[in-house]
1. I'd like to compare B:50-60, B:98-108: which one has the highest average count of other Cβ atoms within 10 Å, and what's the full order after that?
2. Measuring with a 1.4 Å probe in the full set of protein chains, what accessible area per residue, in whole Å², belongs to segment B:33-130?
3. Return the long-range amide H neighbours of B:Ser10 (sequence gap of 5 or more, or a different chain), with a cut-off of under 5 Å between placed amide H atoms.
4. For segment B:3-121, what is the number of Lys pairs with C-alpha distance below 20 angstrom, counting only pairs 8 or more positions apart or on separate chains?
5. Express the carbon and sulfur contribution to the solvent-accessible surface of the protein assembly as shown as a percent, rounded to the nearest whole number, probe 1.4 angstrom.
6. Just from its helices, what would the mean residue ellipticity at 222 nm be for chain A, if runs of 4 or more DSSP H residues each count -39500 (n - 2.57) and the sum is divided by every residue, rounded to the nearest 500 deg cm²/dmol?
7. By DSSP, what percent of the beta bridges with both residues in segment B:3-121 are antiparallel, rounded to the nearest 5?
8. Under a crude label model (7 Å from the Cα following the beta-carbon direction), how far is A:Lys143 from B:Glu15 in nanometres?
Amino acid sequence: MSINRAKVIEIINKIADRIEENKLYLTELDAVIGDGDHGLNMSKGFHAVREKLKEDAGNNIGDILKKTGMTLVSNVGGASGPLYGTAFMKAGLEAGSKEEIDVIDFEKMLTAALDGIKMRGKAVLEDKTMVDAIEPALYALSKAIQLGLSSKEALKEAVDAAYKGVEHTKAIIARKGRASYLAERSIGHQDAGATSSALIFKTIYEEINV
Amino acid sequence: MVGLVIVSHSEKIAEGLKELAGQMATDVSIAAAGGTNDGRLGTDAEKIITAINKVYTQDGVLVLFDIGSAYMSADIALECLSEEMREKVEILDTALVEGTITAAIECSLNKSLTEIKEELKSLSIVKMPQ
């Protein structure tokens, strides 16, 4: 797998499409145990990203991701703004001036993104947040790479692990965010942030053809 | 004089609290950073940076916030400041309404950032993410 600058922009635009298509679904999930704005917030944020990248995407993959992150930080509104914003900015720092990336780079970028999210939100596994989708996905990706699976197969493992993580959020109590005010009443409902993270992984997987 | 920034998910809360605190401390610089740039509920790091710049002096700025992600947005705003400014800007964990009013009065008495922080300790409600 080798992803160039143009492909990265294409993938981000595709993520924006998927978020838009799932706007109501994400908002409904969030409305049950949160403040019911996740879908709308993410759609506003990624719409702004699409416009930003059209106007100026920078010179390399690091720039693209940093601009994406900054735009999310100031256009989402909810917690997902600072969290996804930090994730994309950290991934961008990791990518640096690269103009092409492979699955090993992606693994490093994802590691940096997850560290950023945990640093920003102080969440850990089992808090019923996006970490419950991203951390298992990263773990599965690393394991698949070690086992010598192809890039596409490794990304598939990551997507499956992310969705398994989303499913698991139904069984646990929210310890972060607005849902934490509901304590045990949050059990039985899946986390909206974990769901959007899994959706992002799925989009990346679908867009990678090699 | 130390300046204050009120970060809330709601523009009305931030503006209302600015009005309320200003009533007792008319000469204090208070900036409201509530809601998103398109009028939704939420917080916006860029709006917070603008607010900090508005009230910033060498005496420093205290940033007070309402819930959850307001802290994260404020945290990002601080990271975007110049190193020199960042040393003089602090996010404070305090009950927003009571803390802002107390802070405004302390500011108007020309107390230092450290003294104001000390005064507000009793109003802390442990809401910064641990």
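The values are calculated or read from the model by the stated rules, or taken from the named source; none is laboratory data. As the structure is a prediction and not an experimental result, all values here were calculated from the model. All Cβ positions, glycine included, derive from the backbone under ideal geometry; neighbour counts span all protein chains shown. These accessible areas exclude ligands, DNA and RNA; they are computed on the full protein's heavy atoms, side chains included. Shrake-Rupley method; radii C 1.70, N 1.55, O 1.52, S 1.80 Å.
1. B:98-108, B:50-60
2. Per residue, segment B:33-130 has an accessible area of 45 Å².
3. Amide H to amide H, under 5 Å and 5 or more residues apart or across chains, B:Ser10 pairs with B:Gly35, B:Gly42.
4. 13
5. 52 percent
6. After summing the helix terms and dividing by the residues of chain A, the value is -23500 deg cm²/dmol.
7. The answer is about 0 percent antiparallel.
8. With each label point 7 Å from Cα toward Cβ, the separation is 5.3 nm.
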